[in-house]
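The structure appears below as C-alpha cells.
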Amino acid sequence: MRGLTLPPPKYGQLPEDPYHGGFDPLRRSTVKHLKTALVLVALGSLALAQGMPPVGVILGTVTTEKVQGTITGVATVEPWLRTTLSAETAGLVEKYPLREGDVVVAGKTVVCELKRTALLIDLSEAEALLARAEAEAETSVRNSLATMEELRAQKDRAEREMTRSEELYRKQVINKADLDRAEADAIAARYRFDRAREDHELAKRGNAPESKARQAEVRRARARLSRVKDSIEKTKIVSPANGRVSRRLTEVGSWVTPGEPLVEILTLDPVLVRVGVNEKVVAGLAIGDPVDVRVDAHPGRLFSGKIRYLVPEAAARSRAFPVLVEVANPDGALLAGMFARVEIRSGEGVESLTVPKDAIVLGPSGTMVFTIKAPEGKGMPTAVAIRVATGGTTRDRIAVTGPGLAPGVPVITTGNEKLMPGMSVIPQGGAKKPGDRKPGDRKTGDGR
C-alpha cells in the first residue's frame with residue numbers, strides 16, 4: 001500500500017485545511033468554509049495535474065478469486081521450548097564450554113561437567129564392599145555344602161554299622177540292646193543329613209537365616225555401587241533438546257547444588273508466534289487455520305504457519321485471548337522476542353474482486369486505486385481515482401469493492417506514489433489498456 005502525496009498549499013490557502021496540518025479543532029470553522037477549502041484543493045490539484053508531464057506506470061488487473069476473512073495483529077515470536085538445565089548432584093564446575101548462541105544437539109552436546117574425583121574414590125570403595133559381601137555369601141553356601149557332605153558320610157557309616165549289627169544279632173554275637181543302639185544311631189544320622197541338605201538348598205536360594213543376612217549385605221553393596229555410578233553419570237550434563245544456548249547461569253569453579261540452574265536452552269525450530277485476539281474473533285478460529293507471518297528483520301519475506309493452540313483463558317489486563325501459531329524455522333531466521341505481524345485467514349472463502357496490494361493508495365480522502373481512462377483522439381491515457389473499501393487478503397492481493405471495478409479492469413501498481421487524478425500516464429511493460437479488455441479476459445500479470 002502506498003501513501004498519496006499532495007502538492008503544498010498555495011499562498012492564501014485556508015489554514016483550516018485539515019489535509020495540510022493547519023486544522024485547529026478549537027477554532028470555530030463553519031462547514032461552508034471547510035467545503036470551500038476542499039473545492040479549492042481539488043481545483044488546484046486538477047489544474048496542477050493537467051500541467052505536469054506524463055508518468056510511466058505499470059498496470060495490474062482486477063480479478064476475482066475466493067478470499068477468506070483476514071484478521072491482522074501484532075505478535076511476538078516465542079521459542080517452541082525453553083529449557084533450563086539444572087544440576088542433579090552437588091559438585092564443582094570443571095568444564096563449561098558453551099557460550100550464548102551455541103547450537104546444541106539432544107543427547108549429544110555436553111553442556112557442563114562437574115569434578116568427580118571424590119566420586120571415583122567412592123566407586124572403588126563400593127566395588128570392594130560388593131566383592132567382599134559376595135565372597136561372604138559364597139562362603140556361607142560352601143560351608144553349608146561341607147556340613148552336608150560330612151553328615152552324609154556319618155549317615156552312611158551309621159547305616160553300615162546298623163547292617164553289621166543286624167547280621168551279628170542273627171548270629172547271636174550281640175544282644176538286642178546293641179542292635180537297638182545301632183538302629184538309633186542310623187536314624188539320627190539320617191535325620192541330621194536331611195536337615196543339612198535342606199539347609200544347603202535354602203543357602204543356595206538365599207533363604208537360609210544366615211544366607212539371608214549375607215544376601216542382604218550383597219544387595220546393600222550393589223545398591224551403594226549403583227548410587228555412586230549414577231552420581232558419576234550426573235556429573236556430565238547433556239542437553240535434552242535441540243536448540244541454542246540463550247543464557248549461561250554459572251561459571252567454571254563455581255560450586256553447584258542439586259537443582260541449581262546451569263544453562264538455558266531455546267528450541268527455535270519450529271517457533272510459536274503469540275498474538276492476542278478479542279472474544280468475537282477467537283470464537284471463529286480453529287486449530288490448523290493458516291496464518292501468514294512477517295517480521296521487520298526480514299522485509300519482504302513471508303513465513304507460513306498454522307494455529308497450534310487456542311488458549312481458553314483471556315489475559316487479565318488486556319482481556320485478549322492468546323493464539324499460538326506454529327511456524328517452521330529451519331534456517332533460524334526467526335528469533336525469540338522478535339515483533340511480528342500476522343494475518344490469520346479463517347472461515348470459508350468468498351468470491352471477491354481483488355487487486356495487487358501495491359495498487360492500494362492511502363490518501364487524505366480515503367483508500368483508493370488508480371485506473372486509466374482511454375485517450376480521446378490522439379491524447380494520452382489519464383489517471384482516474386476510484387475510492388474503494390478493502391477486505392481480506394491473499395499472499396499478494398487484497399479484496400476491494402468500489403464503483404466501476406470489474407474483472408479485467410486495469411489498475412496502476414507502480415508509479416502511483418505521487419499520482420493525482422487527471423495526470424497523463426504512459427503504461428509500460430506491455431500491460432493492457434482499458435480498450436484492450438475482452439469478455440472473459442480475467443487476469444493479466446502485474447507487470448513485475
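Being assigned to a helix (DSSP H, G or I), more than 26 Å from residue 122 (Cα to Cα), modelled with pLDDT under 85 and assigned by TED's automatic domain parsing to the domain that holds residue 126 holds for only one residue in 183, 198, 217, and it is 198. A single entry from 319, 341 fulfils the requirement of being surrounded by fewer than 16 Cβ atoms within 10 Å (Cβ to Cβ), in a strand (DSSP E or B) and either among the hydroxyl-bearing types (Ser, Thr, Tyr) or at pLDDT 85 or above (or both): 341.
The residue pairs whose first member lies in the stretch 315-332 and is in the same structural domain as residue 280 (by TED's automatic domain parsing) and free of Cβ contacts under 8 Å to residues at least 40 places away in the same chain, whose second member is surrounded by 17 or more Cβ atoms within 10 Å (Cβ to Cβ) and not aromatic (Phe, Trp, Tyr), and whose beta carbons are closer than 8 Å, counting only pairs six or more residues apart or on different chains, are 315/276; 315/322.
Taken residue by residue, the stretch 207-227 has at least one member that is of a type in the set (Val, Ile, Thr) and within 60 Å of the chain's Cα centre (by Cα). Looking at the structure I just gave you, is residue 288 free of Cβ contacts under 8 Å to residues at least 24 places away in the same chain, of a type in the set (Gly, Ala, Ser) and farther than 18 Å from residue 90 by Cβ? Yes; evaluated as a whole, the condition is true for this residue.
For the stretch 381-395, a residue qualifies if it is touching a residue at least 40 places away in the same chain (Cβ under 8 Å) and surrounded by 13 or more Cβ atoms within 10 Å (Cβ to Cβ), and the qualifying residues are 381, 382, 383, 391, 392, 393, 394.
From the residues in the stretch 71-96 that are at pLDDT 85 or above and of a type in the set (Ser, Thr, Tyr), which one is surrounded by the fewest Cβ atoms within 10 Å (Cβ to Cβ)? Result: 84. Quick one: is residue 259 surrounded by 12 or more Cβ atoms within 10 Å (Cβ to Cβ), more than 21 Å from the chain's Cα centre (by Cα) and outside any strand (DSSP E or B)? Criteria not met by residue 259. In the stretch 292-307, the residue that is surrounded by the fewest Cβ atoms within 10 Å (Cβ to Cβ) out of those that are more than 17 Å from the chain's Cα centre (by Cα) and aliphatic (A, V, I, L, M) is 302. Set side by side, the residues 304, 352 differ, and just one is touching a Gly at 6+ places or on another chain (Cβ under 9 Å) and modelled with pLDDT under 95, which is 352. Of the residues screened, residue 133 is not one that is closer than 30 Å to residue 219 by Cα, aliphatic (A, V, I, L, M) and at pLDDT 90 or above. The one condition from (1) surrounded by 12 or more Cβ atoms within 10 Å (Cβ to Cβ); (2) modelled with pLDDT of 50 or more; (3) in contact with a Phe, Trp or Tyr (Cβ under 8 Å, 6 or more places away or on another chain) that residue 68 does not meet is (3). Yes or no: residue 266 out of contact with any Phe, Trp or Tyr (no Cβ under 9 Å at 6 or more places or on another chain) and either among the aromatic types (Phe, Trp, Tyr) or touching a residue at least 24 places away in the same chain (Cβ under 8 Å) (or both)? In short, no. Every test in (1) in contact (Cβ under 8 Å) with a residue 40 or more places away in the chain; (2) surrounded by fewer than 18 Cβ atoms within 10 Å (Cβ to Cβ); (3) not small (Gly, Ala, Ser) is passed by residue 310 save one, and that test is (1). On the basis of being surrounded by 13 or more Cβ atoms within 10 Å (Cβ to Cβ) and among the charged types (D, E, K, R), does residue 155 make the cut? Criteria met by residue 155.
The values are calculated or read from the model by the stated rules, or taken from the named source; none is laboratory data. Since the structure is predicted, the reported quantities are computational estimates derived from the model, not experimental observations. Neighbour counts run over all protein chains shown; Cβ positions are idealised from the backbone, glycine included.
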